[in-house]
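For reference, the structure is listed below as structure tokens.
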Amino acid sequence: MQAQAEVLTTWNDVCHTDDLVTNSGVCVLLEGKQIALFKIQIEGNTQYFGVSNWDPIGQANVLYRGIVGTLQGNIVVASPLYKEHYVLATGQCLERDDVSIQSYEVRVEQNRVFIATL
Amino acid sequence: MGFFLLKIKVNEMTLSSQQQQRIVIIGNGMVGHHFVEQLINSKADYHITVLSGEGRLAYDRVYLSSYFTGKTAADLALTDEKTYKQWGVNAVTGAWVTDIDRTHQVVTTKDGTVYPYDKLVLATGSYPFVPPIPGNEQEHCLVYRTIEDLESISASAAQSKIGVVVGGGLLGLEAANALKSAGLETHVVEFAPQLMAVQLDAMGGSLLKDKIEALGVQVHTQKATEIIEAGEQCRYRMKFSDGSHLETDMVLFSAGIRPSDQLAREFELAVGERGGIVIDNQCKTSDPNIYAIGECALWEKRIYGLVAPGYAMARAAVASLTNNEGEFAGADMSTKLKLMGVEVGSIGDAHGNTSGALVYTYHDQPAGVYKKLVVDEAKAQVLGAVLIGDTSDYDTLLQYALNNIALPDAPEALILPSSGDKPLLGADALGDSATICSCHNVSKGDIVEAIEGGSCSLGDIKSCTKASTGCGGCSALLKNVVDAELEKRGVEVSKAICEHFNHTRQELYHLIQVENIETFDALLEKHGKGLGCEICKPAAASIFASVWNDYILRQAHQPLQDTNDTYLGNMQKDGTYSVVPRVAGGEITPDKLILLGEVAKEYNLYTKITGGQRVDLFGARVEQLPAIWQKLVAGGFETGHAYAKSLRTVKSCVGSTWCRFGVQDSVGQAIDLENRYKGLRAPHKIKFGVSGCTRECAEAQGKDIGIIATENGWNLYVCGNGGMKPRHADLFATDLDDATLVKYIDRVLMFYTKTADRLQRTSVWMENLEGGLDYLKSVVIDDSLGICDDLEAQMQHITDSYQCEWKTTIESPEALKRFRQFVNSDETDSNIQFVTERDQIRPATSAEKYVGQQAIPVDII
């Protein structure tokens, strides 16, 4: 009975799509963690992203209030505190190689938004 | 011998690469690090080991005092383990060297590890000199040199009210600044009759003393301390040889440096009479396999206590190791710096010691400016200079001095205040060998080479040549050279606002207006690409507001706004917001003041009076903003636009209604003007001032629009600024009646809003406006462009379509949805925590949060 448990992805229902703001962010609380959720409309496609809401440089929970945009081909959010850019798909900070934030998979089904946790 | 080797720990990496030449560097200060960097850049095949006696790798000591204004050890770091690893450098911290066996070429550290070397570099730096005063070894008697020293100073300052710095040189004044920043009553005690005796002449020293004393630091020159003993009012009393004394809680010694040459003494390398490891032009010591660089080295009986000469030594040593040309030939000790905000510059022979030297001086006592120019007997070359209070001539004078540029016929023109005929030393006047950046020894030729190698922006050139990345004093000159060279090559310097629009702000403004564009999506589709970014989106939002004056939180505009505009408040460092209602002209009824107090009390907000004559309430969480504003709007307040790039405040004095001297009703005028222009979105914030007489109590000449009452009406001043770069406003028109005053302000502000760059204040706009004040007068007063009717009509539209954004927001359920921390929970942000200070809240520091045992997010690095 010591077999390793398989790692299963859990999809958590966090909110309705009406709670989201196109090309901007909102924040959800999931298992005590703050996650910034973004709905991005680009060239006719809609994409959803989730990253940690904690700004590791500004040291505050504010990333959902940043401006989203594109930079060198990446979809990014700019920290509202000191304007560093984080790639929404990966959480990588573009100004500092050594800084990145947690990113989350997001899925939408029947107008409900789901975030993956392990 | 084999047995001996078995008993000790041998560094593996050094043994595994026997064929490579091994270089061991003792010391990892700024110079030691520069040496490593240069050696790596030379691509020579060496195995490099760095032994740092300190617990951390190289950091920037030049900006050490910034530690007291919030910089951390990480901000000051010049490198890290990861970088050294990538370079293949074996960096060992806490590696205190105990033995150098010169015969077998082996270094041993205190834990017994041995490091064989082919070449050894001593970059051990210096230590602070502490004068032999009885009592100097007590607690709270400290030095200023390392990050650890700063930590001790910080701890001591927390338990002190008064602090004394011993030493009035460059470092001493830096240290005094640190104590002042730490909130202490600060004194400087200097043995010599003047401050900065090495760099300045007596006149310069005395003017600097006056200026520093005016900033609240007391300077005591010609004082020799005899003893530090217990004090009566303070912890200590310093007794001076002239019988006087000074009480203090802490003492900071900054009386010069001494070379750290202990290893050289112990292992019998040649050292100077007064210390310092003797080196030749290649930086070799008396042992040809050992080099010494930086503040531990003695060249021609001289120790260089600045970073630029240390870097030059590092380069000379690397050149010697790699068989390249380049010797150390002494170094320029010129400096330009800001001490507590006072500009100070010293170039070359500042004292005029060269035989036959001639001197020109310029002294403007009221403005506190002193300039001295030292030239040679033939009046052909600059030998040196002293600049106090205004160092704008420093770059030019330094170029003359370093590159032996022939002086103009009237050398005094170089230091006289700009009279229009000052000879300009443009980028083209410099030869290829002219040094642009003396920290990193970058010549104009190096910059030209970088441009020819494909670098075509200032940023590229900085990262490729390192120019202007040291002290930064050459940045303006570098930009001149780069712009001139790029222009010569036909490269158009891009003025595009960002990567999404190939247009300037002014062009976007015209496109939006002429093509009737009302949304960002439409603008992007017609003229841009991608999704936009945090530069073009708020700029476009601001233009839409200036042209159409829609509700800024209309759904299409909402994602464009900066967070401050989105939440109609100013975001503070912890993610909370401040609340600032409009108090037009600074006039407020007692009932409204009471309401502000009640709201602040109910929501436990930190309360402070602003410089713009209103009240700022801090610490509101995003979800509290609507309820707070509901109460304020119900009580008759409107938004103060403190968060917006728009009209902020119209400051006024009390005027003729109450004041014995007032000649016009300045308060009434201020209220009318504030109500007319409130809500005007502009490229940057705008401030007004209205004074009721020439005593100018409202400080109107420091404002974007300044109005001063006269017997016959109003004098209008434009484009002044306080803040980072103060500018006196220019007198624009005199003795105006109310209607003409408003007409002119309408036109000036609208013309500014249309033509300025994003985030360009009126002062900078004016400085860059071709034709300057006269041109603006011709446009606004003489209507030379025939646009004045349009400008006025547009301003009237803005005024007529004004709405209080907070009133609109609290009436809109859709808009209110955004004021939530979480869309799926009513919890609050657990990271926002306050502690009490002086009977009000302030944000808790991270240490205080840990003490409170609260769950806070982990710092992700």
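The values are calculated or read from the model by the stated rules, or taken from the named source; none is laboratory data. Given the structure is predicted, the values throughout are model-derived calculations rather than measurements. Here the Cβ positions follow ideal geometry from the backbone for every residue, glycine too, while neighbour counts run over all protein chains shown. The area values use the complete protein model at the heavy-atom level, side chains included, leaving out ligands, DNA and RNA. Shrake-Rupley method; radii C 1.70, N 1.55, O 1.52, S 1.80 Å.
Hey, among the residues in the range B:645-681 that are more than 18 Å from B:Cys804 (Cβ to Cβ) and small (Gly, Ala, Ser), which one's most open to solvent (accessible area, probe 1.4 Å)?
Among those that are more than 18 Å from B:Cys804 (Cβ to Cβ) and small (Gly, Ala, Ser), it is B:Ser656.
Yes or no, residue by residue, for (1) within 20 Å of B:Pro134 (Cα to Cα); (2) in contact (Cβ under 8 Å) with a residue 60 or more places away in the chain:
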| residue | (1), (2) |
| --- | --- |
| B:Gln218 | no, no |
| B:His245 | yes, no |
| B:Ser254 | yes, yes |
| B:Phe267 | no, yes |
| B:Ile279 | no, no |
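How many of the residues in the range A:47-80 are of a type outside the set (A, V, I, L, M), in contact with a strand residue (DSSP E or B) (Cβ under 9 Å, 6 or more places away or on another chain) and either more than 7 Å from chain B (Cβ to nearest Cβ) or part of a loop (DSSP other than H, G, I, E, B) (or both)?
Qualifying residue count, the range A:47-80: 13.
List every residue pair whose Cβ atoms lie under 7 Å apart, where the two residues are 6 or more positions apart in sequence or sit on different chains, the first residue falls within the range B:760-773 and is over 16 Å from B:Ala539 (Cβ atoms), and the second residue, located anywhere, is in a loop (DSSP other than H, G, I, E, B).
Within 7 Å, the pairs are B:Thr762/B:Asp704; B:Thr762/B:Cys719; B:Ser763/B:Cys719; B:Ser763/B:Gly720; B:Met766/B:Cys719.
For residues that are open to solvent by 40 Å² or more (accessible area, probe 1.4 Å) and either touching a helix residue (DSSP H, G or I) at 6+ places or on another chain (Cβ under 8 Å) or in contact (Cβ under 8 Å) with a residue 24 or more places away in the chain (or both), tally how many sit in the range B:365-379.
Keep residues of the range B:365-379 that are open to solvent by 40 Å² or more (accessible area, probe 1.4 Å), which gives B:365-367, B:377-379.
Filter again for either touching a helix residue (DSSP H, G or I) at 6+ places or on another chain (Cβ under 8 Å) or in contact (Cβ under 8 Å) with a residue 24 or more places away in the chain (or both), leaving B:379.
Number satisfying all stated conditions: 1.
In the range B:543-562, what residues are more than 9 Å from chain A (Cβ to nearest Cβ) and either modelled with pLDDT of 90 or more or assigned to a loop (DSSP other than H, G, I, E, B) (or both)?
Listed by number, the residues that qualify are B:Ile543, B:Phe544, B:Trp548, B:Asn549, B:Asp550, B:Tyr551, B:Ile552, B:Leu553, B:Arg554, B:Ala556, B:His557.
Within the range B:388-406, take every residue that is of a type in the set (D, E, K, R) and not in a helix (DSSP H, G or I) and give me the one that is least open to solvent (accessible area, probe 1.4 Å).
Here the residue is B:Asp393.
Residue by residue through the range B:696-713, note down the ones that are closer than 19 Å to B:Tyr677 by Cα and crowded, with 24+ Cβ neighbours inside 10 Å.
Within the range B:696-713, B:Ala698, B:Ala700, B:Lys703, B:Asp704, B:Ile705, B:Gly706, B:Ile707, B:Ile708 meet the criteria.
Tell me which residues, restricted to the range A:87-101, are within 11 Å of chain B (Cβ to nearest Cβ), touching a strand residue (DSSP E or B) at 6+ places or on another chain (Cβ under 7 Å) and either modelled with pLDDT under 90 or farther than 12 Å from A:Gly50 by Cβ (or both).
A:Cys93, A:Val99, A:Ser100
Can you name the residue in the range A:1-28 that is in a strand (DSSP E or B) and more than 10 Å from every other protein chain (Cβ to nearest Cβ) and is also modelled with the highest pLDDT among such residues?
Going through the qualifying residues, I end up with A:Trp11.
Which members of the range B:342-364 meet the condition of being in a strand (DSSP E or B) and in contact (Cβ under 8 Å) with a residue 24 or more places away in the chain?
Those that are in a strand (DSSP E or B) and in contact (Cβ under 8 Å) with a residue 24 or more places away in the chain: B:Val342, B:Glu343, B:Val344, B:Gly345, B:Ser346, B:Ile347, B:Gly348, B:Tyr360, B:Thr361, B:Tyr362, B:His363, B:Asp364.
Out of (1) touching a Pro at 6+ places or on another chain (Cβ under 9 Å); (2) touching a residue at least 40 places away in the same chain (Cβ under 8 Å); (3) more than 14 Å from every other protein chain (Cβ to nearest Cβ), what's the single condition that is false for B:His641?
(1)
Check the range B:796-812 and report whether any residue there is among the acidic types (Asp, Glu), within 11 Å of chain A (Cβ to nearest Cβ), open to solvent by 60 Å² or more (accessible area, probe 1.4 Å) and free of Cβ contacts under 8 Å to residues at least 12 places away in the same chain.
No, the conditions are met nowhere in the range B:796-812.
For the range A:29-46, give me the residue count where each residue is at the interface with chain B (Cβ under 10 Å from one of its Cβ atoms), of a type outside the set (D, E, K, R), surrounded by fewer than 21 Cβ atoms within 10 Å (Cβ to Cβ) and without any contact (Cβ under 8 Å) to a residue 40 or more places away in the chain.
Count: 4.
For the range B:486-533, how many residues meet the condition of being among the polar types (S, T, N, Q), in contact (Cβ under 8 Å) with a residue 40 or more places away in the chain and not in a loop (DSSP other than H, G, I, E, B)?
The initial filter retains those residues of the range B:486-533 that are among the polar types (S, T, N, Q), namely B:494, B:502, B:504, B:506, B:513, B:516, B:519.
Narrowing the set further to residues that are in contact (Cβ under 8 Å) with a residue 40 or more places away in the chain leaves B:504, B:506.
If we keep only those that are not in a loop (DSSP other than H, G, I, E, B) as well, we get B:506.
The number of residues fulfilling the criteria is 1.
Restricting to the range B:180-195, give me the number of residues that are at pLDDT below 90 and touching a strand residue (DSSP E or B) at 6+ places or on another chain (Cβ under 8 Å).
2
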